[in-house]
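Note sheet for the following structure.
The values are calculated or read from the model by the stated rules, or taken from the named source; none is laboratory data. Treat the numbers as computed from the prediction; the structure is a model and nothing was measured. Cβ sites come from the backbone with ideal geometry, for glycine too, and all protein chains shown count toward neighbours. Accessible surface is based on the protein model in full, side chains and every heavy atom, while ligands, DNA and RNA are left aside. Shrake-Rupley method; radii C 1.70, N 1.55, O 1.52, S 1.80 Å.
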Amino acid sequence: MKKLVLVAAAFLTLTAFTTINGTWTNDDPHSQLGFTVTHLGIADVSGTINDFDVTIKSTKPDFSDAAVELIAKTNSIDTRVEMRDNHLKSADFFDVEKYPALTFKSTGITSTGKDQYKLSGNLTLHGVVKPIIMNLVYKGTVENPMSKKQTAGFQLTGTIKRSEFGIGDKFPAAKVSDEVRIKADGEFVQ
């Protein structure tokens, strides 16, 4: 009996570790990388970057030690207006021919409350690397009833300045805000 209890305890320990420890990747149909700018100082215009991959590595169940990496293809910018998308892809803004991807690699994570964090890291955009800090909320982990896989939810928010990355230098903040608000929501599977 003692041997059976030890085997069961070892199994539960290994199962729990496997569920918690590991690499998580974004589930494309349930993940979105969005941005918003203010146009002419009076209206918000939002868009998405549709082609991106995020990897989260963590050994703790609350993701308090998470390491995050993002690669997003700038050619997948979508603001629902083809002419505007083409302009954003041009050398006036993202210059997607020269800079086909933006990347983020975290350098640290700090708890600010239950399941809330400040995620710091280096953003590479338009050939410029800058440290940034974003807000990260861990929304929980459940078993997806369709895939039967552990699925974790996150929301990331924050603001960057396009001028710090040399994007849209010909367009003053009165036309297109310098501040770009970022909002990403995602489901991640192991």
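Taking only pairs six or more apart or across chains, which ones have beta-carbon atoms under 9 Å, a first residue in the range 20-48 that is over 22 Å from Asp62 (Cα atoms), and a second residue that is at pLDDT 95 or above and part of a helix (DSSP H, G or I)?
Val37/Arg162; Val45/Arg84; Gly47/Arg84; Gly47/Asp85; Gly47/Leu88; Thr48/Ser76
Inside the range 118-148, can you point out the residues that are of a type in the set (Lys, Arg) and at pLDDT 95 or above?
Going through the range 118-148, the residues of a type in the set (Lys, Arg) turn out to be 118, 130, 139, 148.
Selection gives Lys118, Lys130, Lys139.
Touching a Gly at 6+ places or on another chain (Cβ under 6 Å), at pLDDT 95 or above and either outside any helix (DSSP H, G or I) or open to solvent by 40 Å² or more (accessible area, probe 1.4 Å) (or both) - does that describe any residue in the range 13-30? First the steps, then the outcome.
Restricting attention to the range 13-30, the residues satisfying the condition of being touching a Gly at 6+ places or on another chain (Cβ under 6 Å) are 26.
Subsequent filtering for residues that are at pLDDT 95 or above retains 26.
Still in the list and also either outside any helix (DSSP H, G or I) or open to solvent by 40 Å² or more (accessible area, probe 1.4 Å) (or both): 26.
Yes: the range 13-30 contains one or more residues that are touching a Gly at 6+ places or on another chain (Cβ under 6 Å), at pLDDT 95 or above and either outside any helix (DSSP H, G or I) or open to solvent by 40 Å² or more (accessible area, probe 1.4 Å) (or both).
Six or more apart or on different chains, Cβ atoms under 9 Å: show the pairs whose first residue is in the range 177-190 and free of Cβ contacts under 8 Å to residues at least 24 places away in the same chain and whose second is open to solvent by 30 Å² or more (accessible area, probe 1.4 Å) and part of a strand (DSSP E or B).
Note: pairs meeting the criteria are Asp178/Lys161.
State whether the residues of the range 139-156 include one that is in a loop (DSSP other than H, G, I, E, B) and of a type in the set (Val, Ile, Thr).
Quick first cut of the range 139-156, residues in a loop (DSSP other than H, G, I, E, B) only: 144-149.
Retained after the next criterion (residues that are of a type in the set (Val, Ile, Thr)): none.
No.
Just for the range 134-176: of the residues that are under 23 Å from Asn75 (Cβ atoms) and touching a His at 6+ places or on another chain (Cβ under 8 Å), which one is surrounded by the fewest Cβ atoms within 10 Å (Cβ to Cβ)?
It comes out as Gly166.
Since Ile167 meets every condition but one in (1) free of Cβ contacts under 8 Å to residues at least 24 places away in the same chain; (2) among the β-branched types (Val, Ile, Thr); (3) not in a strand (DSSP E or B), which condition does it not meet?
Tallying (1) free of Cβ contacts under 8 Å to residues at least 24 places away in the same chain; (2) among the β-branched types (Val, Ile, Thr); (3) not in a strand (DSSP E or B), Ile167 fails exactly one: (1).
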